[in-house]
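Okay, so here's the structure we're looking at.
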Amino acid sequence: MKPAQSAYPAYLILALGILVLTWSTVLGSSLPAKLAGLGGLHKANKITATWLSNSNQPEEGSFSLKDMRQLTQYNLRDYDLAYAMEASTSAAYQKNQSQAQVLGVNDRYDQFHQINLRSGYFLTFEQENQQVAVIDEDLAQALFQNCNVVGRKIELYGREFKITGVAGADRSLIGTLTDRGYCTVYIPAKILLELEADSRITSLEVETKDAGTTGLNAAVLETALASIGQDPANYKIIDYNVAGLLMEQENLLRNFVAGTVAIVILFGLLRRKIRGIYHFCRLRLRDKYWSEMIKGDAVRLMLGMAEILALVAVMLLLWKLIRFTLYIPPENIPDELIDVSFWADRFKNEIQAWLQSAGYVAPPGEVQLNILNTIQNWNLFLNIFLGWPLFLLGLYQIKLLKEKLLKVEVFCSVFMLAALSLGTTLLLIIKMPPVIETGEVLLVFSSIFLTVVTFIERRTADGEFISEKSI
């Protein structure tokens, strides 16, 4: 006699599918929150312009302190703005030395970036001409073997800088992935320009007052650049409002997939419920009039109609929950549906931008944004093309084994709660904000539950109003 096939592999595949679906939901919600957290006081309400170092006019393409003062006093006087430049040198204290990334910044830089000061304070406007520095805790440990170093001095470029603050290192997943392997020192931009003859102010950040997608933020910044004689084409401009919107949109798309699965299943149940009532009425009307059928089976018909109305209400509620307006950047939309020249120009512009940005070094904020976008893209891909296939494959194998519906439902419910707890714990471990959207979790749970009911126990899911034998 052939031994019974083990159900463990099928349940393992099912568990992996549920784990991927649950984890992608938890992680997806935390990524936009992390982006906002990395933006300091202004969060994602900022727009940046970074000099493409390989532009046609390399020296004229970067900013000067005079440009920054002009923007502050005139074109961008109603906006907070920060600017920065990068260099690298050796930081020393007595016999201890460590390679360091030096960021020359103004006093508003910490309002646009997450700089968690462990002690002291960030650079102030009054210290613009002073040799002061804020160092990170890694450099403090490397030079002093402790972090209580506010008021002490380090040597940069052969000069002494007084330490005014110590910034905590970012130990989160994003901080680890964007770590360049160097310690970080913040000093006034004016001082760095004096010490580094070849240094240039290459990055400008401006707060935004329009959270929409109208292009107003970019227009304001491009006008400001033109006012100081700069060509906006020589800069990479990123509106973080739009970047955050696009990142959140991937979460909405993931929710749309889960909700659509639930709606399709509910529509199947609705169709079968209506068909059941139709067959019931046809059978009753063979030997009864409408009035007799309604009088004798009023309760049964009322319950059937109530179930239909409930299914329709749930479908409408789900649709209201998952629908969203898809945003596509205007530069990616042709004027005509089929426009070969548009796509040819887009391809040519992409090639030109790639050639122009050869040697371009993204600033820290842009690197973090790129990492977050990459994680979010993979998160959506794995949710749709790994999570759902694994889940459905596991259900198919379990159906072949003729497992009981209640057993599968209990397993899915318990494992999803366990996966949700595990996902939250992992977020805390990798120091990502544990954002749990109740609506998103319920969407995934309802999609899983309805799929199990329909897939495993078809007759139960058919919702037959009445069987032929009962007539």
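The values are calculated or read from the model by the stated rules, or taken from the named source; none is laboratory data. Source: prediction; values computed, not measured. In this analysis, Cβ positions are derived from the backbone assuming ideal geometry, glycine residues included, and neighbour counts consider all displayed protein chains.
How many of the residues in the stretch 137-165 are within 21 Å of Lys95 (Cβ to Cβ) and assigned to a strand (DSSP E or B)? Walk me through how you get there before you give the answer.
First, pick out the residues of the stretch 137-165 that are within 21 Å of Lys95 (Cβ to Cβ): 137-149, 151-163.
Subsequent filtering for residues that are assigned to a strand (DSSP E or B) retains 153-156, 159-163.
Of the residues in that region, 9 qualify.
Would you point out the residue of the stretch 124-167, among those that are small (Gly, Ala, Ser) and under 20 Å from Ala82 (Cβ atoms), that is surrounded by the fewest Cβ atoms within 10 Å (Cβ to Cβ)?
Among them, the one singled out is Gly165.
Of the numbered conditions (1) assigned to a loop (DSSP other than H, G, I, E, B); (2) touching a Ser or Thr at 6+ places or on another chain (Cβ under 7 Å), Arg171 fails exactly one; give the number of that condition.
Checking Arg171 against (1) assigned to a loop (DSSP other than H, G, I, E, B); (2) touching a Ser or Thr at 6+ places or on another chain (Cβ under 7 Å), the one that fails is (2).
Going residue by residue through the stretch 197-206, is there one that turns out to be acidic (Asp, Glu) and either assigned by TED's automatic domain parsing to the domain that holds Gln368 or surrounded by fewer than 16 Cβ atoms within 10 Å (Cβ to Cβ) (or both)?
yes
Please pick out the residue among Glu250, Glu292 that is assigned by TED's automatic domain parsing to the domain that holds Leu382, of a type outside the set (A, V, I, L, M, F, W, C), over 25 Å from Trp319 (Cα atoms) and part of a helix (DSSP H, G or I).
Result: Glu292 is the single residue among Glu250, Glu292 that is assigned by TED's automatic domain parsing to the domain that holds Leu382, of a type outside the set (A, V, I, L, M, F, W, C), over 25 Å from Trp319 (Cα atoms) and part of a helix (DSSP H, G or I).
Looking at the stretch 245-300, which of its residues are within 30 Å of Trp378 (Cβ to Cβ) and among the aromatic types (Phe, Trp, Tyr)?
Phe256
Out of the residues in the stretch 246-297 meeting the condition of being among the acidic types (Asp, Glu) and at pLDDT 90 or above, tell me which one is farthest from Glu222 (Cα to Cα).
Among them, the one singled out is Glu250.
Under 6 Å between Cβ atoms, which residue pairs at least 6 apart in sequence (or on different chains) link something in the stretch 36-53 that is within 20 Å of Gly229 (Cβ to Cβ) with a partner that is assigned to a helix (DSSP H, G or I) and of a type in the set (Val, Ile, Thr)?
Listed pairs, sorted by first residue: none to list.
I'm told Val257 meets every condition in (1) closer than 27 Å to Ser447 by Cα; (2) of a type in the set (Val, Ile, Thr); (3) in contact (Cβ under 8 Å) with a residue 40 or more places away in the chain; (4) surrounded by fewer than 16 Cβ atoms within 10 Å (Cβ to Cβ) except one. Can you identify the failing condition by its number?
(4)
Test each condition in (1) modelled with pLDDT under 90; (2) part of a helix (DSSP H, G or I) for Ala243 and report the one that comes out false.
Only one criterion in (1) modelled with pLDDT under 90; (2) part of a helix (DSSP H, G or I) is unmet by Ala243, namely (1).
Report yes if some residue within the stretch 53-60 is buried (at least 16 other Cβ atoms within 10 Å of the Cβ) and in contact with a Leu (Cβ under 7 Å, 6 or more places away or on another chain); otherwise report no.
No; the residues of the stretch 53-60 include none that is buried (at least 16 other Cβ atoms within 10 Å of the Cβ) and in contact with a Leu (Cβ under 7 Å, 6 or more places away or on another chain).
What number of residues within the stretch 123-154 are under 19 Å from Leu193 (Cβ atoms) and either aromatic (Phe, Trp, Tyr) or more than 35 Å from the chain's Cα centre (by Cα) (or both)?
Total meeting the criteria: 8.
Restricting the search to the stretch 174-190, which residues are part of a helix (DSSP H, G or I) and within 12 Å of Ala87 (Cα to Cα)? Even if it seems obvious, please write down each step before you answer.
Initially, the stretch 174-190 is screened for residues part of a helix (DSSP H, G or I), giving 174-177, 189-190.
The one that is part of a helix (DSSP H, G or I) and within 12 Å of Ala87 (Cα to Cα): Ala189.
Mind telling me which of the residues Thr72, Thr50 ends up being touching a Lys or Arg at 6+ places or on another chain (Cβ under 6 Å) and at pLDDT 90 or above?
Every option except Thr50 fails the conditions.
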